[in-house]
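Working notes, beginning with the structure itself.
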Amino acid sequence: MTETTQSIKQPRATTGGWYEFATRHRASIVAAVILIFPLVMPFTALAVNILIYGLYALGFNLVFGYLGLLSFGHAALFGTGAYLCGIAIVHFGWPWYAAIAAGLAGGLLMALLIGVLAIRTRGIYFAMVTMALSQCVYYLFYQAVDLTGGENGLRGINVRTIDLFGLRIDFINPMIRYYVIAAFVIAAFFVMSRILASPFGAVIEAVRENEMRARASGYDVTLTRLLTFVLSGGFCGLAGALQALHLSIVPIEILHYETSGLVVMIALLGGMGTFFGPMVGAAVFLVLENIVSVWTVHWQLIVGAIFIACVLFFPAGIWGTLIARGKR
Amino acid sequence: MAGLSFDLIALQLFAGLALGAIYVLFAIGLSLIFGMLTVVNFAHGAFYMVGAYVGLYLISIGGNFWICLVAVPIAIGLFGLAVERVLIRPLYGRGIDYPLLLTFGLSYVMVECVRIAFGKTGYPFDTPEVLQGAVDIGVGYFPLYRLFVIGATAVVLLALWLFLEKTSFGLIIRAGARDPQIVRVLGVDVSRVWLIVFGIGTAIAGFAGLLAAPLQGVIPEMGGTILAEAFVVTVVGGMGSIGGAVLAGLLVGVVVSMTSLFAPEMAKVSIFALMAIVLIVRPQASSAAPD
């Protein structure tokens, strides 16, 4: 795994050129691309999906790519964010910004609950325990019909206009909706860039590279893992909340383990442990899904086959491979 | 507690054992493959599901349940051999996550292929005529088929135990699980052993799917649900331990069965609560996995 999850900071000293520039201004580049992105996309709705899943994958990648733990339970974090945002609007009539905050907090809290249990396990058990716990969350939300709508999903999350500093913005217009959601996603990318550049970010990667050495250097490995998992939950909860606003419904399938698998695929396709990988992966994955769905309903067959091919021949992902080329 | 007689609880206990027997078979294959190959087979649920569908197909072309009991494990085992040889073997030595991810992708392909061949909706699966009805087991009448499931599981376990403990090939498997390097130095073709272990594990998964089919019907998604539950079994019992898988599988079956008697709405959640308790009380039990 080491060759695919090269540290972002390491090449800064050794190579120049486009790679160094891209690394230094990584969050600004993402922001610029996101801002012009809908102008080149055929459907704005697809562009919004790419934004949301890109954010979801960004949060997942913090745990998978940078911390080195494979979680198969991120659907619980994404789904809890979506449900809490939806419940805040439908049942409590909260304004949109408070609902988004509720979703973010939901992601953090669920990550704390799952993390406290799952962090106790090591190695391969982590994937199994996170998957089992997220399945448990699925059943809990499924049965809380009064709050979540159960099998039918949570309906009626209607946010038509957004009030901001006295301005009344039309949230129905797809282009405006895109830029409202983009504002949150760009902010999240800046926060992520800041976290990774911080001393704590270095500790996260140190734990991945050599747990024993990190422990010997005086870092609390367990606490680092838990904190990273909780932070990841915040990003995924925010993505879920935006998804709830965008779809105006939260389907129960959002908590299904296939939603966890989806983000694993996106992160691996884009390039795990790279800053741009999640967004690239989300864009390629969703555009491909859009194209393939036109001529076959058996999209999952194609997804599975592509994923198998990725694992066998292409483990560094799209962006990871580009980085490897760039360094040469 | 009027109405909850001793007999009812005893019957429910037996129902739990029958359910647990399916978990045991499923988890044993998972555990055997992990113990030897250190591969977490995320496609194990898909092999289980395909086992049930192969049984359905064989019966639809005129076969009977007894033929299926032999043919399904052989067919699924052969399929497992091919999967190991072609897809998993190139990944050895490339980190423990890769085979897991690959088998996860494979499960998508298998589920979708079954959807293409049999459609998205499920089918009922008839209990073979001889095994219909119920028998008196002392505390009340118990469905004969569930008794058969418990018996068939016991036979498979006994056969597996004899194979692992009493044959020379079983000795090689046990040695290989402990130290594949030394076994290789001693002149054993370890990759062939791994191939066969994967075949055996998947064959048992297919067998479990066939046994479960008359209890719950067949549907393409049946593998995903049991996979998450089997992870609970392996966390409770310890991965790579056959005895642990048997005890934990039965325990999980009984816990599900008992909670569905006392608090039906909590039946699905109860086993995850069980796992949470094990993780809190004995975290070290589930951290013995090789890194």
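Since every read-out is calculated from the coordinates, none of them should be taken as a lab result. Note that the coordinates shown come from a computational prediction; the quantities given were computed from them, not determined experimentally. Here the Cβ is made from the backbone with ideal geometry for all residues, glycine too, and neighbour counts use every protein chain on show.
So here's what we get for this one:
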item: Whole-number D in µm² s⁻¹ for region B:6-286, Kirkwood Cα-pair radius fed into Stokes-Einstein, 4 °C, 1.567 mPa s; result: 67 µm²/s
item: At R0 = 25 Å, FRET efficiency that the Cβ-Cβ distance of B:Val139 and B:Glu265 yields, to 0.05; result: 0.45
item: Debye-sum result for region B:46-102 in log10 I(q)/I(0), which assumes one identical scatterer on each alpha carbon, at q = 0.18 Å⁻¹; result: -0.66
item: Per-residue HN-Hα couplings for region B:101-117 [Karplus 6.51, -1.76, 1.60; θ = phi - 60°; Hz; x = Gly/Pro]; result: 5, 4, 5, 5, x, 4, 5, 4, 5, 5, 4, 5, 4, 5, 4, 5, 6
item: Separation in nanometres of the label points that stand 7 Å from Cα toward Cβ, at A:Ala202 and A:Arg160; result: 5.4 nm
item: Whole-number percent relative contact order across region A:269-328, with pairs defined as alpha carbons under 8 Å at least 6 apart; result: 52 percent
item: Radius of gyration and Dmax over the Cα atoms of the protein assembly as shown, both given in Å; result: 25.0, 81
item: Burial ordering of A:Tyr125, A:Tyr19, fewest other beta-carbon atoms within 10 Å first; result: A:Tyr19, A:Tyr125
item: Among B:Tyr123, B:Tyr92, B:Val256 the positive-end extreme of the charge dipole of region B:6-286 (Cβ point charges); result: B:Tyr92
item: Over the protein assembly as shown: helical MRE at 222 nm, DSSP H runs n ≥ 4 each giving -39500 (n - 2.57), nearest 500; result: -24000 deg cm²/dmol
item: Hz values of 3J(HN,Hα) by residue in region B:250-265 - Karplus curve (6.51, -1.76, 1.60), Gly and Pro given as x; result: 5, 4, 4, x, 5, 4, 4, 5, 5, 5, 6, 7, 8, 9, x, 6
item: Residue-averaged beta-carbon neighbours from other chains (10 angstrom radius) around A:256-267; result: 2
item: Amide H contacts under 5 Å for B:Val218, placed H, 5+ residues apart; result: B:Tyr123, B:Phe125
item: Dimensionless Rg/Rh of region A:10-327 - Kirkwood Rh, Rg from C-alpha atoms; result: 0.96
item: Neighbourhood net charge (15 Å Cβ-Cβ; Lys/Arg +1, Asp/Glu -1) for B:Val236; result: +1
item: Helix B:65-83 vs. chain B, principal-axis angle (Cα, 0 to 90°, nearest 10); result: 30 degrees
item: Amide proton proximity set for A:Ile169, modelled H, under 5 Å, gap of 5+; result: A:Ile162, A:Asp163, A:Leu164
item: Convex hull of Cα atoms in region B:116-202, direction-averaged projection (nm²); result: 10.2 nm²
item: Charge tally in the Cβ shell below 14 Å around A:Ala82, where Lys, Arg are +1 and Asp, Glu are -1, A:Ala82 excluded; result: 0
item: Mean separation of Cα contacts under 8 Å, 6 or more apart, over the residue count of chain B: relative contact order %; result: 39 percent
item: Surrounding net charge for B:Val256, when Lys and Arg each add one and Asp and Glu each subtract one, Cβ distance under 15 Å; result: 0
